[in-house]
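The values are calculated or read from the model by the stated rules, or taken from the named source; none is laboratory data. On a predicted model such as this, the values are computed, not experimentally measured, just so you know. Glycine gets a Cβ as well: all are built from the backbone with ideal geometry, and neighbour counts include every protein chain shown. Heavy atoms of the whole protein, side chains included, go into the accessibility calculation; ligands, DNA and RNA do not. Shrake-Rupley method; radii C 1.70, N 1.55, O 1.52, S 1.80 Å.
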Amino acid sequence: MSIIARDPQTGEMGVAVESHYFSVGPVAPWAEAGVGAVATQATAEPLYGQLGLEMMRYGKDAPSVLRALAAADSASETRQVAMIAARGNVAAHTGSKATPAAGHLIGKNYSVQGNTMSSEKVWPAMARAFEQKTGDLGDRLLAALEAGQEAGGDIRGQQTAAIIVVSGTSTRRPWKDRIFDLRVEDSPEPITELKRLVRLQRAYRLAFKGDDFAGEKNWGQALSSYRKAVELAPEKEELRYGLAVVLFLSGRDEESLPVFRQVFREHPIWVEITRRNVISGDLPNDPPRIKRIFDQGQGK
């Protein structure tokens with residue numbers, strides 16, 4: 001089962017998919033910033049993703065692209081494909097030979113589809129969840145997958161899931177345009193694991209923004225970004241360590257020391273990493289100040 005969608009407010013587009021098919025991520029979901037998104041499944045043919053995005057990149061709308069590709073495909077009746085273009089037009093195809101229960105439902109700025117489902121209740125449940133869920137596009141895509149699973153999901157059970165969300169406009173740097181590009185290859189609860197990875201991706205994106213702000217010596221924004229990152233993923237000690245470093249670099253030594261102390265006590269290896277950060281210049285070579293950090297590793 002999958003959902004393709006576009007957020008009309010931000011222009012972001014995305015695909016989320018779950019299946020009992022090992023490593024669905026490299027096959028089913030496709031998306032490109034400023035162009036569109038594609039889901040190809042049932043007897044999945046990745047060319048629908050590659051060629052579909054290429055044709056939409058040159059201005060073709062999703063319905064005409066899907067018609068053209070399906071017409072040239074001798075096995076189109078075994079396929080299930082959905083496409084959405086950057087302008088919001090949507091198309092979907094469920095072949096007559098797709099394994100039942102199979103079908104799709106097109107809504108405004110989205111399409112949900114499934115095959116080999118436990119029942120025909122799955123994709124309507126996904127549509128309702130997507131329409132009712134608040135939050136950003138990533139949250140809404142995940143809500144659709146969860147609803148589909150709660151309605152019965154794949155009759156074979158769960159195994160794999162993936163999500164791609166891209167920006168509404170292209171920077172011509174694909175690595176910057178991908179907000180989420182995450183895969184769960186094999187798990188008894190792939191949607192739960194995918195949600196965890198999305199949470200971590202959000203946290204690390206905030207930390208990366210914090211690093212950018214720190215490089216500009218915009219300490220207020222840097223600290224705000226890191227604090228939000230730590231709040232999202234408190235279990236990741238490198239985020240707490242990053243917060244301590246930004247506090248220290250901004251001259252808030254007294255606030256940084258308890259954070260260093262907590263990280264050092266839980267993960268002593270960060271004492272050695274700190275030594276290396278002084279050598280590399282990521283921390284200032286200021287012996288009296290740096291000694292205060294190292295003292296936290298001694299319980300002082």
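Under the condition of being under 18 Å from ALA82 (Cβ atoms) and not aliphatic (A, V, I, L, M), which residue from segment 139-150 is least open to solvent (accessible area, probe 1.4 Å)? Per the stated criteria, the residue is GLY148. Taken over segment 122-138, residues that are over 20 Å from GLN158 (Cα atoms) and open to solvent by 10 Å² or more (accessible area, probe 1.4 Å) amount to 7.
Is it the case that segment 218-233 has a residue that's in a helix (DSSP H, G or I), open to solvent by 70 Å² or more (accessible area, probe 1.4 Å) and of a type in the set (Ser, Thr, Tyr)? Within segment 218-233, none of the residues are in a helix (DSSP H, G or I), open to solvent by 70 Å² or more (accessible area, probe 1.4 Å) and of a type in the set (Ser, Thr, Tyr). Filtering ALA91, ALA16, ALA39 for residues that are open to solvent by less than 30 Å² (accessible area, probe 1.4 Å), free of Cβ contacts under 8 Å to residues at least 40 places away in the same chain, assigned to a strand (DSSP E or B) and within 24 Å of ILE179 (Cα to Cα) leaves a single hit, ALA91.
Among the residues of segment 154-186, what is the count of those that are farther than 28 Å from GLY34 by Cα, in contact with a Ser or Thr (Cβ under 9 Å, 6 or more places away or on another chain) and open to solvent by 20 Å² or more (accessible area, probe 1.4 Å)?
Restricting attention to segment 154-186, the residues satisfying the condition of being farther than 28 Å from GLY34 by Cα are 154-159, 186.
Next, from what is left, pick out any that are in contact with a Ser or Thr (Cβ under 9 Å, 6 or more places away or on another chain): 154-156, 158-159, 186.
From what is left, the residues that are open to solvent by 20 Å² or more (accessible area, probe 1.4 Å) are 155-156, 158-159, 186.
Residues meeting the conditions: 5.
Here is the figure for segment 262-300: residues that are open to solvent by less than 60 Å² (accessible area, probe 1.4 Å) and either assigned to a helix (DSSP H, G or I) or in contact (Cβ under 8 Å) with a residue 40 or more places away in the chain (or both) total 13.
Scanning segment 74-88 for residues that are under 19 Å from GLY11 (Cβ atoms) and open to solvent by 20 Å² or more (accessible area, probe 1.4 Å) yields ALA86, ARG87.
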